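Remarks on the structure that follows.
The values are calculated or read from the model by the stated rules, or taken from the named source; none is laboratory data. The model shown is predicted, which means the values in this text are computed figures rather than measured ones. As a convention, Cβ positions derive from the backbone with ideal geometry for all residues, glycine included, and neighbour counts pool all protein chains shown. To get the accessible areas, we keep the full protein, side chains included, count just its heavy atoms, and leave off ligands, DNA and RNA. Shrake-Rupley method; radii C 1.70, N 1.55, O 1.52, S 1.80 Å.
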Amino acid sequence: MARRLATVLCLTGALTGAAASPPGAIPACSIDDPRLAELSGLVAEGPPGAAPQRYHAIVDGGGTARAFTLDPVGCAVTGTRQADVPVTDVEDLGLGPGGELWLADTGDNGARRGSVRLVVLPPTGPPRVHDLVYPDGPRDVEALLVGDDGVPLLVDKTTGAAGVYRPAAPLHDGGDPVELRRVAQVVLPWSGTGGGPLGAAGARTVTGGGVSPAGADGGRAAVLRTYTDAWVFPLPAGGPATADALVAALDGAPLPVPLPGEAQGEAVAPDGRGALHSGSEARSLTAAAITVVPGAVTAATVPQAPVVPQPAEVPEYRTYPSWLPAAGGAAALGALLIAGAVAMSLHGRRRRSR
């Protein structure tokens, strides 16, 4: 208990000071494999109370449904799980109650898709494909939460009040899309954490989600992340993390976990020890990377945890277009290339003038 309270105090102090890194954060690894440069979803798989035995990760984009398995020590790719299922824009990854990987093909930068898709890759056997349609028009979604009952929740990327959606009927493989219902909204509290590609608005832009595994040390939580912070919504002790329980938790007060200085943080994964694993895409000359925040979930589940109530009113932030972070990264890379070309040209002129 003393260690848990110390973690709470450390996290609380981070809210009032300008920390250079998350409290107690440990860099897990940089990811050199170019296939994972656009790391967008992460799962930390392992037994309760122990360090993860493996990571599963997906990258932002389309093509064929595929998840990578990584060694959690050095983050080298050790395998893949994939299916010959076309996807348009996969944005997040969840872990189902039977060890199946849920790929959220829900990205929609221009809000033009008539339906979105969840692809379920079980440890063995054929994949399952679930097509879904929103009741209130297309939207960009980058966060997926999968309940212990196998019911998924999608949280959209709207800055300010993020809609929470769940299937209105049982999922089926093939056929007409299942309609979603908007069952809640999340209004994240203010955050002064720096970093990310969008400044202040990025602190309230939901880019990923995760659910603590069953039996996790210190309790369980639903977690949403933005470009600058993770927000830990504690779940009631002892009960299963069903979709209903997750919706109720998202209506409560979360614990903020600052994640400053990430180039483009879009992945988060709670583990069986109460830690959070945070993943960031590569940007310009910065490689994709994973960072671990020990005790972050445990700190949210102790009595009198320093949670922060959601604002009663939606803050007046405009929703930035979803393509802006990528455009910013491309612009930064272009600027570096132009600067390099100019430097080489000047160097050549000096040599010719001698």
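What is the gain in length, in nm to one decimal, between His172 and Leu285 on full extension, counting 0.36 nm per residue of separation less the C-alpha to C-alpha distance?
Details: separation 113, 0.36 × 113 = 40.68 nm, distance 4.30 nm.
Using 0.36 nm per residue and subtracting the Cα-Cα distance, I get 36.4 nm.
Using a 1.4 angstrom probe on heavy atoms only, work out the carbon and sulfur share of the accessible area of the range 146-286 in %. Could the numbers behind the result be given before it?
Working: 2190 of 4150 Å².
It is 53 percent, rounded to a whole number.
Taking N as the number of residues in the range 96-243, what is its alpha-carbon radius of gyration divided by 2.2 N^0.38 Å? It would help to have the intermediate numbers written out before the result.
On the way: Rg = 15.6 Å, N = 148, 2.2 N^0.38 = 14.7 Å.
Cα-based Rg divided by the globular estimate yields 1.06.
Determine the dipole magnitude for the range 101-187: charges of +1 sit on the beta-carbon of Lys and Arg, -1 on that of Asp and Glu, nothing else is charged, the reference point is the Cα centre, and the result goes in debye to the nearest 20. Don't skip to the answer; put the middle values down first.
Details: 9 positive and 12 negative charges, 30 e Å.
I would put it at about 140 debye.
Residues with amide H under 5 Å of Asp217's amide H, sequence separation 5 or more or different chain, H placed in the peptide plane at 1.01 Å from N; which?
Correct list: Gly49, Arg273, Gly274.
With label points built 7 Å along Cα→Cβ from the Cα atoms of Val314 and Val187, find their separation and express it in nm.
0.9
Just the Cα atoms of the range 51-120: what Rg and Dmax do they give in Å?
12.9, 41
Report, by chain and number, residues whose modeled amide H sits under 5 Å from the one on Val183, excluding near sequence neighbours (fewer than 5 apart, same chain).
The answer is Val164, Tyr165, Arg166.
Rank-order 169-180, 241-252 by packing density, defined as the average count of other C-beta atoms within 10 Å over each peptide's residues, highest first. If you can, show how the numbers build up before the last one.
Numbers: 169-180: 12.9, 241-252: 18.7.
Answer by packing, highest mean first, reads 241-252, 169-180.
Over the range 165-298, average the accessible area per residue using a 1.4 Å probe and give it in Å², no decimals. Working shown, then result.
Working: 4060 Å² over 134 residues.
Per residue, the range 165-298 has 30 Å² of solvent-accessible surface.
At what distance in nm do the modelled label points of Ile26 and Ala214 sit from each other, each positioned 7 Å from its Cα along Cα→Cβ?
Between Ile26 and Ala214, the label points sit 2.7 nm apart.
Pulled fully out, how much extra length does the chain show between Gln53 and Asp71, if you take 0.36 nm times their separation in residues and subtract their Cα-Cα distance? Each step should come with its number before you reach the end.
Values: separation 18, 0.36 × 18 = 6.48 nm, distance 0.75 nm.
Length gained, Gln53 through Asp71: 5.7 nm.
What spacing in nm lies between the two simple spin-label points modelled at Asp33 and Thr242, each 7 Å away from Cα in the Cβ direction?
3.7
Give me the net charge of Leu101's neighbourhood, meaning all other residues with Cβ under 15 Å from the Cβ of Leu101; Lys, Arg count +1, Asp, Glu -1.
Values: positive: Arg54, Arg66, Arg81, Arg117, Arg128; negative: Glu45, Glu91, Asp92, Glu100, Asp105.
Its environment carries a net charge of 0.
Within the range 207-230, name every residue whose backbone N is under 17 Å away from a label modeled 7 Å from Cα of Asn109 along the Cβ vector.
Those under the cut-off are 207.
If you count, for each residue, the other Cβ atoms within 10 Å and average over each peptide, how do 69-80, 291-302, 102-113 line up from highest to lowest?
Working: 69-80: 15.3, 291-302: 25.2, 102-113: 20.3.
Top to bottom by mean Cβ count within 10 Å: 291-302, 102-113, 69-80.
Calculate one ³J(HN,Hα) per residue across the range 196-210 by plugging θ = phi - 60° into the Karplus curve 6.51 cos²θ - 1.76 cosθ + 1.60, and present them in order as whole Hz with x for glycine and proline.
x, x, 10, x, 4, 5, x, 6, 10, 9, 6, 10, x, x, x
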